Amino acid sequence: MAILKIAKMGHPILLEKAKKVDDPTSPKIKSLVNDMLDTLKDLGGSGVGLAAPQVHVSLQVVIFEIPNEEESKTNSVRLITLINPKIQSLTKNTETDWEGCLSVPGLRGKVTRPNKIKYSGLDLNGNKIETIAEGFHARVVQHECDHLFGILYPQRMKNLESLQFVSEARHWS
Ligand code: NI
């Protein structure tokens, strides 16, 4: 197990396009994903997802947590590992909501994104994943996959007026 250092906005790796993973089943990728899971867990709920470039590895690997729909009464989450992802927007409808990012600590901002998508990719066994997602789930996937294209959420903001420190917002909203 290893807890990895998070790259913060300003580190050039966050602006790079991540490379495709040749073999999702390789021990190297398994170990990377394990370390990313440890890192996310160590941050204790301050993040719901992590992309490999955020731990200084420019590969198309993301992990994220989504609420477990099968056990909606509990607070349990489902952790997804997605390799070489592709996203297709299924609607012209958008939703605007708050986002934060471990690479942009302390801040949050409102981002507008399509609210229904189809995403696909591979898991650690090389099996194909294909999922239709809406709302929060769709937002998380789009945010994490943006990291693979060198995009941080402030670059997606239509209006920087809502970019704020969470510590400050707490007093005023
Ligand atoms: Ni992020």
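Annotations for the structure displayed:
- For the stretch 91-173, radius of gyration divided by Kirkwood radius, i.e. Rg to Rh on alpha-carbons: 1.03
- For the chain, the 222 nm mean residue ellipticity estimated from helices alone, with every DSSP H stretch of n ≥ 4 adding -39500 (n - 2.57) and the total spread over all residues, rounds to -6500 deg cm²/dmol.
- A simple spin-label model places pseudo-atoms 7 Å from Cα toward Cβ; at ARG78 and ASN127 they are separated by 1.2 nm.
- Packing here is the average count of other Cβ atoms within 10 Å per residue, and on that basis the peptides 159-170, 53-64, highest first, run 53-64, 159-170.
- Gyration tensor (alpha-carbon) shape descriptor, the stretch 3-62, a/c threshold 1.5: oblate
- Projecting label points 7 angstrom from Cα along Cα→Cβ for SER167 and LYS92 puts them 4.4 nm apart.
- Straight-line cross-link partners of LYS28 among the aspartates and glutamates, defined as a Cα under 15 Å from its Cα and at least 8 positions apart when in the same chain: ASP123.
- Apportionment of accessible area to carbon and sulfur, the chain, percent (1.4 Å): 51 percent
- Each 10 Å bin from 0 upward holds the following percent of the Cα-Cα pairs of the stretch 22-95: 16, 42, 32, 10, 0.
- The average projected area of the stretch 118-166, computed from the convex hull of its Cα atoms over all directions, is 4.8 nm².
- Pair LYS8, HIS56: separation of 7 Å Cα→Cβ label points (nm): 1.5 nm
- Between the stretch 74-142 and the stretch 1-60, the alpha-carbon center distance in angstrom: 16 Å
- Pairs of Cα atoms in the chain fall into 5 Å distance bins, from 0 up to the last occupied one, in shares of 1, 8, 17, 21, 22, 17, 9, 3, 1, 0 percent.
The values are calculated or read from the model by the stated rules, or taken from the named source; none is laboratory data. Note that the structure is a prediction, hence the values are computed from the model and not measured. FYI the Cβ positions are ideal-geometry reconstructions off the backbone, even for glycines, and counts take in every protein chain you see. The accessibility values were calculated without ligands, DNA or RNA, using every heavy atom of the protein model including side chains. Shrake-Rupley method; radii C 1.70, N 1.55, O 1.52, S 1.80 Å.
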